[in-house]
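Undergrad: Can you keep this structure in mind? I'll have questions shortly.
The values are calculated or read from the model by the stated rules, or taken from the named source; none is laboratory data. If you're wondering where the values come from, they're calculated on a predicted model, not measured in any experiment. Cβ: placed from backbone, ideal geometry, glycine included. Neighbour counts: every protein chain shown.
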Amino acid sequence: MRFSWEGNVRELRNCIEYMANICDGVITLEDLPAYIMKESQDAELRNHPLPNEGSTENSPPMILNKADRELATALLTALSKQTLSRTALLEVLKDISPQLSDYHLRQLIEFLRQSGMLRVNKGRRGMELTSLGARFIGL
């Protein structure tokens, strides 16, 4: 796996602290934040394109680590009950992950938006679950 770190040292330190907090023991590739896995996978696909066997345009990329998968599931479940703003989602998810930052939540929301699992509206309309997001959480 390759990743071109373009951030500053503080971002690198925060990333390592995040991984150390969510891991039980040894840090593995599965523990890396979603944005690193996605960028690495995108770069790999650009360098070595793969045929889309068995995948459809509606298939979301499954590159979330275990902790982010749990957060994504909780986020989508909360949105299945009501439309929420990012601030309201952060409060709901803090019960599950007290160390969750607004930055990390923004990245997770963007990943889910790009995957087609949620729709981000402007202003007070908040976010809402899409049919793909509903299937992801088993609704």
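Undergrad: Determine if the stretch 86-109 includes at least one residue that is hydroxyl-bearing (Ser, Thr, Tyr), touching a residue at least 12 places away in the same chain (Cβ under 8 Å) and part of a helix (DSSP H, G or I). If you could, list the steps in order and put the result at the bottom.
TA: The initial filter retains those residues of the stretch 86-109 that are hydroxyl-bearing (Ser, Thr, Tyr), namely 87, 97, 101, 103.
Among the residues that remain, those that are also touching a residue at least 12 places away in the same chain (Cβ under 8 Å) are: 97.
Those still in the list that are part of a helix (DSSP H, G or I) too: none.
No, the conditions are met nowhere in the stretch 86-109.
Undergrad: Has the stretch 77-87 got any residue that is in contact with a helix residue (DSSP H, G or I) (Cβ under 7 Å, 6 or more places away or on another chain), basic (Lys, Arg) and modelled with pLDDT under 85?
TA: yes
Undergrad: Let me ask something else about it. Under 6 Å by Cβ, and 6 or more places apart or on different chains, what pairs join a residue from the stretch 16-36 that is under 16 Å from SER101 (Cβ atoms) with one that is assigned to a loop (DSSP other than H, G, I, E, B) and modelled with pLDDT of 80 or more?
TA: Correct list of pairs: ASN21/GLN99.
Undergrad: Which of the residues belonging to the stretch 30-59 are under 20 Å from MET117 (Cβ atoms), assigned to a loop (DSSP other than H, G, I, E, B) and at pLDDT below 70?
TA: ASN52, GLY54, SER55, THR56, GLU57, ASN58, SER59 - these are the residues of the stretch 30-59 that are under 20 Å from MET117 (Cβ atoms), assigned to a loop (DSSP other than H, G, I, E, B) and at pLDDT below 70.
Undergrad: Could you tell me which numbered condition LEU71 fails, if it satisfies all but one of (1) part of a helix (DSSP H, G or I); (2) crowded, with 19+ Cβ neighbours inside 10 Å; (3) modelled with pLDDT under 70?
TA: Condition not satisfied by LEU71: (3).
Undergrad: Please determine, by comparing only the residues of the stretch 18-29 that are farther than 17 Å from GLN107 by Cα and not in a loop (DSSP other than H, G, I, E, B), which one is modelled with the lowest pLDDT.
TA: From the stretch 18-29, those farther than 17 Å from GLN107 by Cα are 20-21, 23-29; that's our starting set.
Restricting the remaining residues to those that are not in a loop (DSSP other than H, G, I, E, B) gives 20-21, 29.
Values: ALA20: 81, ASN21: 80, LEU29: 70.
Among those that are farther than 17 Å from GLN107 by Cα and not in a loop (DSSP other than H, G, I, E, B), it is LEU29.
Undergrad: Give me the pairs, please: first residue somewhere in the stretch 120-135 and in contact (Cβ under 8 Å) with a residue 60 or more places away in the chain, second residue anywhere and outside any strand (DSSP E or B) and surrounded by 12 or more Cβ atoms within 10 Å (Cβ to Cβ), beta-carbon distance under 8 Å, and either six or more positions apart or on two chains.
TA: Listed pairs, sorted by first residue: LEU132/PRO60; LEU132/SER115; LEU132/GLY116; LEU132/MET117.
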